[in-house]
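Participant: Let me give you the structure first, and then I'll get to my questions.
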Amino acid sequence: MSEPLRFRGGGFVIGPKPISSCLGGLAVIAIWQAVSSAGWVSPIFLPSPAGIARALGEMALSGQLWRHLGASLQRILLGFALGSAAGLALGLALGLLSHARAAGLPIVSALFPIPKIALLPLFILWFGIGEPSKVATIALGVFFPMAIATYSGVDQVPRTLIRMAQSFDVPTHAIVAKVILPGALPGILAGVRISASIALILVVAAEMIGAEFGIGAFILTAGNLMRTEDLLAGVCLLSILGLAVGFLVSLAERRLLSWR
Amino acid sequence: MRLIVEHVSHGYGSLEVLDDISLTVEEGEILAVIGPSGCGKSTLLGILGGLLEASRGRILTDGAVPSGSLNPITYIFQDFALLPWHSVAANVGFALEHHRLDAYERKGRVDEVLAMTGLLDFATALPKQLSGGMRQRVGIARALAVKPAILLLDEPLSALDAQTRELLIEEFLALWLAHRTTAVYVTHNLDEALRLADRICVLSRRPGRIREIVAVDAARSERGMAALAPLRERLWRLIQEEARAADREHV
């Protein structure tokens, strides 16, 4: 007696579902709005999405948004540029030079876990309450993950590629530029992604300790005045900023790492 | 160009890998090096290529570098060693980048070797888009682009399936017959060695010493399985003996 073979290989395959991913977010916002509109939760404790959007719109119209966003972005960009450049240089040294690795790796490993915001009071003492102490906190926070990501990126470049370049008498500086750096790029970009998130956390924390402008300062002031709509508008800005950074890094990965 | 190996020994710390290797690779011959796993074949090739420094002994080259040769001693790698972010043409061109060639001459050389290896239509492809056999063709093309005087091949076909290996042996032989470049061919595959080599150097178990260097007298066109069966049997016994002894020592 013949019978059709039973298919038993279904399931356990995760595929993209764009409609579900849009609906998920919209559903959360819709439920939130419904709860707020029904008056089940006081707007002081949980403002409605519409209220937050209104607060954001008002911020944009009054120019406050750009002033705070501009101040935060300036600190992030400067701190990130300084910290990541230094981290990249140290990571390369740790990856390429035996003495640098032997001497530097224990120090980096010891300093990396320190929450850098704990050093802000010290930086304020060194650099004053103004911009340099905030930029230094961000730079230091970015420096260690960049150094470690670059170091492990360099370490993961297949040795056979380096030997290949040596076998063709390629000069050392060209091996670094044309084999090691491109080979370490996946690791370096992973470091950029982590460092950018750390920079975002640190800028908010630093601005909450002592700043007139900046998203962190705005959120702190709104909290002190119980203006929770403004507070969550600031939080939304941070979320948008985080998404934008993630998008830019993904874009860079797609363009620079298309060979993978 | 000849390659002369004089009393070369090598070790990693207390681990002796090669012991007193002396041999000469004659101009225009393929010398195959075979032996049990871990006998130091690849280490020997690394030393011949100047990528490893021998603990003792020395390597000499004898004879003028042919005109136009940009890298007299050139390596072909087991795992192809292609830069994954470069196209086929750029991988081949990488070997030429650091030499004083104008762009026209460089492109000419790249196109020439891509045509020789049947890769011209794949010049813009990335390594990830190619099969293993095609990737090794790129490795061969890159080596030919610098017009080597001595080719060092480190198990170039061992990462490939049997069919691709067969195809590449034929293609490599055709290319080699056109240029007759001196070559050292490290392999663990006895049949590859018998098909390609003028002489076969059998290394002992670690630390690798020369057990025997055997000439393969039959012309390459007449190297059928039957013709080489007695030689194959003799070489296989040598390798088997060494591999079994190595296994016993390992236990």
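The values are calculated or read from the model by the stated rules, or taken from the named source; none is laboratory data. Computed from a prediction, not measured in an experiment: that's the story for all the values here. Note that we place each Cβ from the backbone using ideal geometry, even for glycine, and neighbour counts take in every protein chain shown. For the accessible areas, the whole protein counts, side chains as well, though only heavy atoms, and no ligand, DNA or RNA atoms are used. Shrake-Rupley method; radii C 1.70, N 1.55, O 1.52, S 1.80 Å.
Participant: Give me the distance between the Cα centres of the stretch B:143-203 and the stretch B:210-241, rounded to whole Å.
Facilitator: 16
Participant: On the accessible surface of the stretch B:22-97, probed at 1.4 Å, how many percent belong to carbon and sulfur atoms?
Facilitator: 48
Participant: Under 5 Å between amide H atoms, partner at least 5 residues away or on a different chain: which partners does B:VAL33 have, H built in plane at 1.01 Å?
Facilitator: It is B:TYR185, B:VAL186, B:THR187, B:CYS201, by chain and number.
Participant: For the stretch A:204-260, what ratio Rg/Rh do Cα atoms give with a Kirkwood hydrodynamic radius?
Facilitator: Expressed as Rg/Rh, it is 1.23.
Participant: Find the sum over both chains of the accessible area lost when B and A are paired, probe 1.4 Å, and report it in Å² to the nearest 100.
Facilitator: 1900
Participant: Using each residue's phi in the stretch A:26-31, evaluate 6.51 cos²θ - 1.76 cosθ + 1.60 at θ = phi - 60° and report the 3J(HN,Hα) Karplus result to the nearest Hz, with x for Gly and Pro.
Facilitator: Result, rounded to whole Hz: 4, 5, 4, 5, 5, 4.
Participant: Here is a further query. Among A:PRO18, A:PRO115, A:PRO186, which one shows the biggest mean-square fluctuation in a GNM of chain A, springs joining Cα atoms closer than 10 Å?
Facilitator: Of A:PRO18, A:PRO115, A:PRO186, the Gaussian network model singles out A:PRO18 as fluctuating most.
Participant: Right, something else. Would you mind telling me which residue in B:GLY11, B:GLY63, B:GLY133 has the biggest mean-square fluctuation in a Gaussian network model of chain B, where springs connect alpha carbons within a distance under 10 angstrom?
Facilitator: Taking springs between Cα atoms under 10 Å, the residue moving most is B:GLY63.
Participant: Hey, got a sec? Which trypsin sites (Lys or Arg not before Pro) in the stretch A:1-97 land in a DSSP loop and have at most 15 other Cβ atoms within 10 Å?
Facilitator: For trypsin sites (Lys or Arg not before Pro) across the stretch A:1-97 that sit outside H, G, I, E and B with at most 15 neighbouring Cβ atoms in 10 Å, the list reads A:ARG6, A:ARG8.
Participant: Can you send over the carbon and sulfur percentage of the accessible area for the stretch A:47-253, probe radius 1.4 Å, protein chains only?
Facilitator: Roughly 73 percent, rounded to a whole number.
Participant: Where the only charges are on Cβ atoms (+1 Lys, Arg; -1 Asp, Glu), what is the dipole of the stretch B:28-151 about its Cα centre, to the nearest 20 debye?
Facilitator: Here the stretch B:28-151 has a charge dipole of around 200 debye.
Participant: Tell me, which residues of the stretch B:18-57 get at least 40 Å² less accessible area when the other protein chains come in, versus the chain alone (1.4 Å probe)?
Facilitator: Flagged in the stretch B:18-57: B:LEU51.
Participant: Which one of B:ALA178, B:ALA32, B:ALA141 has the biggest mean-square fluctuation once chain B is modelled by GNM with Cα springs under 10 Å?
Facilitator: Comparing B:ALA178, B:ALA32, B:ALA141 in a Gaussian network model of chain B, the most mobile one is B:ALA178.
Participant: Per residue, how big is the convex hull around the C-alpha atoms of chain A? Give it to me in cubic angstrom, could you?
Facilitator: With only Cα atoms used, chain A gives 236 Å³ per residue.
Participant: Please report the net charge: other residues with Cβ closer than 13 Å to the Cβ of A:PHE168, K and R +1, D and E -1.
Facilitator: +2
Participant: Within 10 Å of each Cβ in peptide A:168-181, how many partner chain Cβ atoms are there on average? Round it to a whole number, please.
Facilitator: Rounded to a whole number, the mean comes out at 3.
Participant: Next up: Along the charge dipole of the stretch A:47-253, pointing to its positive end and built from +1/-1 on Cβ of Lys, Arg, Asp and Glu, which listed residue (A:VAL203, A:TRP66, A:ILE215) has its Cα farthest out?
Facilitator: A:VAL203
Participant: Additional query: Tell me the mean residue ellipticity at 222 nm calculated for the protein assembly as shown from its helices only (DSSP H runs of n ≥ 4, each -39500 (n - 2.57), averaged over every residue, nearest 500).
Facilitator: Using -39500 (n - 2.57) per qualifying helix, the result is -19000 deg cm²/dmol.
Participant: On to the next question. Between B:SER221 and A:LEU97, what is the FRET efficiency for a Förster distance of 60 Å, r being their Cβ-Cβ separation, to the nearest 0.05?
Facilitator: The pair B:SER221/A:LEU97 has a calculated efficiency of 0.65.
Participant: Enter the accessible area per residue of the stretch B:141-251 (Å², integer; probe 1.4 Å; all protein chains in place).
Facilitator: 48
Participant: Turning to a different aspect of this structure: Pop out the ³J(HN,Hα) list for the stretch B:9-23 in order, Karplus 6.51 cos²θ - 1.76 cosθ + 1.60 with θ = phi - 60°, rounded to Hz; leave Gly and Pro as x.
Facilitator: Going residue by residue, I get 10, 8, x, 10, x, 8, 8, 7, 9, 10, 10, 6, 8, 10, 6 Hz, with x marking Gly and Pro.
Participant: Counting just the Cα atoms, what span does chain B cover along each of its three principal axes? Round to the nearest Å and put the largest first.
Facilitator: 55, 41, 35
Participant: Express the accessible area of the stretch A:47-253 per residue in Å², computed with a 1.4 Å probe while the remaining protein chains stay in the model.
Facilitator: Ligands and nucleic acids excluded, the figure is 46 Å² per residue.
Participant: Any idea what the dipole of the protein assembly as shown comes to, in debye rounded to 20, about its Cα centre with Lys/Arg Cβ at +1 and Asp/Glu Cβ at -1?
Facilitator: In total the dipole reaches around 900 debye.
Participant: What average number of partner chain Cβ atoms lie no more than 10 Å from the Cβ of the residues making up B:72-84?
Facilitator: 4
Participant: Turning to a different aspect of this structure: Determine the dipole magnitude for the stretch A:47-253: charges of +1 sit on the beta-carbon of Lys and Arg, -1 on that of Asp and Glu, nothing else is charged, the reference point is the Cα centre, and the result goes in debye to the nearest 20.
Facilitator: Charge dipole of the stretch A:47-253: 380 debye, to the nearest 20.
Participant: Rounded to whole Å, give me the distance from the Cα center of the stretch A:5-53 to that of the stretch B:33-107.
Facilitator: 59
Participant: List every residue whose amide H lies under 5 Å from the amide H of B:ILE76, counting only residues 5 or more places away in sequence or on a different chain, with H placed 1.01 Å from N in the peptide plane.
Facilitator: It is B:LEU152, B:LEU153, B:ASP154, by chain and number.
Participant: For the protein assembly as shown, what value does the Rg/Rh ratio take when both radii are computed over Cα atoms and Rh is the Kirkwood radius, given to two decimals?
Facilitator: 1.14
Participant: Also, I was wondering about something else. Kindly state, to the nearest 0.05, the FRET efficiency for A:LEU46 paired with A:CYS236, given R0 = 22 Å and r defined as their beta-carbon distance.
Facilitator: So, using R0 = 22 Å, E works out to roughly 0.95.
Participant: Over all residues in B:95-102, what is the mean tally of Cβ atoms on other chains that come within 10 Å of each residue's Cβ?
Facilitator: Other-chain Cβ atoms within 10 Å of each residue's Cβ, averaged: 3.
Participant: Moving on. Kindly write out, for the stretch B:80-94 in residue order, the coupling ³J(HN,Hα) from the Karplus curve 6.51 cos²θ - 1.76 cosθ + 1.60 (θ = phi - 60°), rounded to whole Hz, with x marking Gly and Pro.
Facilitator: Rounded to whole hertz, the list is 6, 6, 9, 6, x, 8, 9, 6, 4, 5, 5, 5, 5, x, 4.
Participant: Something else now. Determine how large the accessible area of A:CYS236 is when every protein chain is in place; take a 1.4 Å probe and give Å² rounded to the nearest 10.
Facilitator: Result for A:CYS236: roughly 50 Å² accessible.
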